[in-house]
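Below is one structure, written out as structure tokens; comments come after it.
The values are calculated or read from the model by the stated rules, or taken from the named source; none is laboratory data. Everything quoted here is computed from the prediction, not taken from an experiment. FYI the Cβ positions are ideal-geometry reconstructions off the backbone, even for glycines, and counts take in every protein chain you see.
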Amino acid sequence: MRQLAFSPSVESVDDRVAVTNYNWMLKGLTTQDLNFETAKGKVVFVNFWATWCPPCRAEMPMIQELYNDYKDKIEFVFVTNESKEIVEKFYLKHNYDLPTYTMLSKEPPQFTTNSIPTSYLLDKKGNIVISKTGAADWNSKKVRTLLDELIKQ
């Protein structure tokens with residue numbers, strides 16, 4: 001069964017919610033540990049996912065392509081509750097190299113979700129520009145154009 005993924009919708013400026021607490025500690029599974037405080041003032045892509053989740057798996061190739069081109073321009077944060085061994089095996093099999101973490105402390109309240117995949121795109125002021133539950137085409141022209149605009153701001 002093939003899943004279709006469309007570009008995520010951008011929140012209207014009036015509906016955007018700001019992340020108010022960057023005090024979030026993450027344990028690096030494929031990278032160094034992260035204090036989310038260091039992401040303040042940057043464009044940030046946060047994705048909650050798992051290897052066993054079909055919609056998560058469906059969007060991963062598109063996210064990897066986006067990461068390949070934007071990893072030096074924006075902060076990527078992939079969050080799972082799975083073990084380092086499971087994630088590394090999955091990444092090796094699929095040739096992914098996304099910076100992936102488990103949570104050491106509670107996520108900011110604006111990121112609380114019971115569904116995966118759930119992704120958030122933040123502008124440099126911490127406003128949630130995109131909040132998307134379910135698979136999306138994160139490598140679309142629409143998303144890339146938006147990222148380029150956010151980076152310039």
**Asked** Between a first residue in the range 79-96 that is closer than 19 Å to P117 by Cα and a second residue that is among the acidic types (D, E), which pairs have beta carbons less than 8 Å apart while being 6 or more apart in sequence or on different chains?
**Response** V79/E107; Y91/D97
**Prompt:** Among the residues of the range 14-28, is there at least one that is more than 28 Å from L92 (Cβ to Cβ), assigned to a loop (DSSP other than H, G, I, E, B) and either of a type in the set (A, V, I, L, M, F, W, C) or modelled with pLDDT of 95 or more (or both)?
**Reply:** yes
**Request:** Would you please name the residue that is nearest to the chain's Cα centre (by Cα), looking only at residues in the range 40-73 that are among the small types (G, A, S) and either at pLDDT below 95 or farther than 15 Å from M103 by Cβ (or both)?
**Result:** A58
**Request:** State the number of residues belonging to the range 29-49 that are buried (at least 17 other Cβ atoms within 10 Å of the Cβ) and part of a loop (DSSP other than H, G, I, E, B).
**Result:** 3
**Asked** When residues of the range 85-133 are filtered for being of a type in the set (G, A, S) and either touching a helix residue (DSSP H, G or I) at 6+ places or on another chain (Cβ under 7 Å) or over 13 Å from A50 (Cα atoms) (or both), how many remain?
**Response** 3
**Asked** Is the range 52-70 home to any residue that is small (G, A, S), assigned to a loop (DSSP other than H, G, I, E, B) and touching a residue at least 40 places away in the same chain (Cβ under 8 Å)?
**Response** no
**Asked** If you check every pair at least six apart or on different chains, which have Cβ atoms under 6 Å apart with a residue in the range 126-153 that is more than 14 Å from T113 (Cβ to Cβ) first and a residue that is among the β-branched types (V, I, T) and not in a loop (DSSP other than H, G, I, E, B) second?
**Response** W138/I63
**Prompt:** Does the range 53-84 hold any residues that are of a type in the set (D, E, K, R), under 24 Å from K106 (Cβ atoms) and buried (at least 19 other Cβ atoms within 10 Å of the Cβ), and which are they?
**Reply:** E75
**Request:** Go through the range 101-129 and give me each residue that's aliphatic (A, V, I, L, M), buried (at least 17 other Cβ atoms within 10 Å of the Cβ) and within 18 Å of N35 (Cα to Cα).
**Result:** L121, L122
**Asked** Does the range 90-97 include one or more residues that are in contact with a Ser or Thr (Cβ under 7 Å, 6 or more places away or on another chain), in a strand (DSSP E or B) and surrounded by 15 or more Cβ atoms within 10 Å (Cβ to Cβ)?
**Response** no
**Qualifying residues in the range 100-122 (those that are part of a loop (DSSP other than H, G, I, E, B) and among the small types (G, A, S)) - the one farthest from M60 (Cα to Cα)** = S105
**Request:** Identify, from the list V143, V79, V129, the residue that is at pLDDT 95 or above and either touching a Leu at 6+ places or on another chain (Cβ under 8 Å) or more than 22 Å from D15 (Cα to Cα) (or both).
**Result:** V79
